[in-house]
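Notes for the one structure printed next.
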Amino acid sequence: MKTTYLFFFLLVSLTFNSNAFEQQKSVPGFYIYNTKKNASVKNGEAKLTLHFNSPNFNGIPSGYQTIIYYSINELVDTFILDASFSHTIQLKAAKTVFKFWAGPGYDEVISDTIQIENQTMSDAQINFNSENLMIEVDKPVIYFQSPVQLDFSLHVNPTNDFTFTYPVYKDQWKGTLYPTGEIEINKQKYPYLFWDSKQDFQLKDQTNGYHISKKEVIPFLEKQLSNAGLTAAEKTDFITYWGPRLTQHESVFIQFYLQEDCNQFAKIQCEPKPTAINRLYIGFSEWNETLTPLLHPMELPAFKRDGFNVLEWGGFELKTIEL
């Protein structure tokens, strides 16, 4: 049975950096060298020391770069890579196909069929090329809380251009806020502001990760959003949008992106300056056991919601690839 692996991917299109593509053509993704006979290796087997390299390896958060997913003739496993970026495995002497993946942001490396000789020790080089992943963040919406009627302007600067906004965004959103939470722009009132954008996804180190069963999804979201300090209306909007999508699966993997971590999607500036700009994005995937190393359950911290404050939430589905 093939096992699926986490892959941060919302659109069906992938774009490759031209330099990375040239490197992929000129440097093999996998090759074996320095093969020597060694009688100490058990008959019928061989030892292979894997050496991993990528131009961006040191720049990716340790929680991702150290987990290597691989298969040998469709037998799937993982291991944790230490600072040497090398790992030794023992395998059968036979015709072998190798597959390796270093996690989100990397191409999968697949070897040709290679004859592994009996009682040998060899080195193997695995060169991972990075991907530029284009994603579309799903339904980022922005709410305001103000104890008094207040004129405001809001600048949203997404990584790439907007694909859609509501109401129409022209250099900024400018209007009036009311204590009820309503937003008035050009004599029309709205409960929140909406924007959408396709953009390169940049991995950020995450301190949270959860495995949640279908029946636990709604109580989990209610608890976490209450911990964060969302209002009843904000929680209802969030859960009625994401709940049906999460409960399509028997169990899911969930990660939250909070505060400055959301700057990778867009930067926000508001005048007058709020007490706080609170930001929360959810990413999810259908659960599989290979996601276990990414689990870091924690309670979401409370947002600062006193006085004049801003709340933004959004999210995206984390698709999978097969190794």
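The values are calculated or read from the model by the stated rules, or taken from the named source; none is laboratory data. Since we're looking at a predicted model, the values are computed, not measured. All accessible areas refer to the heavy atoms of the entire protein, side chains included, with ligands and DNA or RNA removed. Shrake-Rupley method; radii C 1.70, N 1.55, O 1.52, S 1.80 Å.
A 18 angstrom limit on the alpha carbon distance is what I want to check against. Which of LYS139/LYS267; LYS189/LYS304; LYS139/LYS187; LYS42/LYS92 exceed it?
LYS189/LYS304; LYS139/LYS187
Under 17 Å Cα-Cα from LYS37, which aspartates and glutamates qualify once same-chain neighbours fewer than 8 residues away are excluded?
Within the straight-line cut-off, LYS37 pairs with GLU45, GLU117, ASP123.
For the stretch 247-291, what does the accessible surface come to per residue with a 1.4 Å probe? Please give it in Å².
I get 39 Å² per residue for this part.
At a 1.4 Å probe radius, which order do ASP77, ASP171 fall into by accessible area, largest first?
Highest to lowest solvent-accessible surface, that is ASP171, ASP77.
For the stretch 256-304, what class follows from the C-alpha gyration tensor (a ≥ b ≥ c being the square roots of its eigenvalues): rounded when a/c is under 1.5, otherwise prolate if a/b is larger than b/c, else oblate?
Because a/c hits 1.5 or more and a/b exceeds b/c, the stretch 256-304 counts as prolate.
Give the accessible area for HIS155 in Å² (nearest 10); use a 1.4 Å probe, count only protein heavy atoms, and leave out ligands, DNA and RNA.
Estimated to the nearest 10 Å², HIS155 gives 60 Å².
Roughly how much of SER40 is accessible, in Å² to the nearest 10, using a 1.4 Å probe?
The accessible area of SER40 comes to roughly 100 Å².
Taking N as the number of residues in the stretch 214-268, what is its alpha-carbon radius of gyration divided by 2.2 N^0.38 Å?
Output field value: 1.23.
How much of the accessible area of the stretch 113-188, probe 1.4 Å, is carbon plus sulfur, in whole percent?
Roughly 46 percent, rounded to a whole number.
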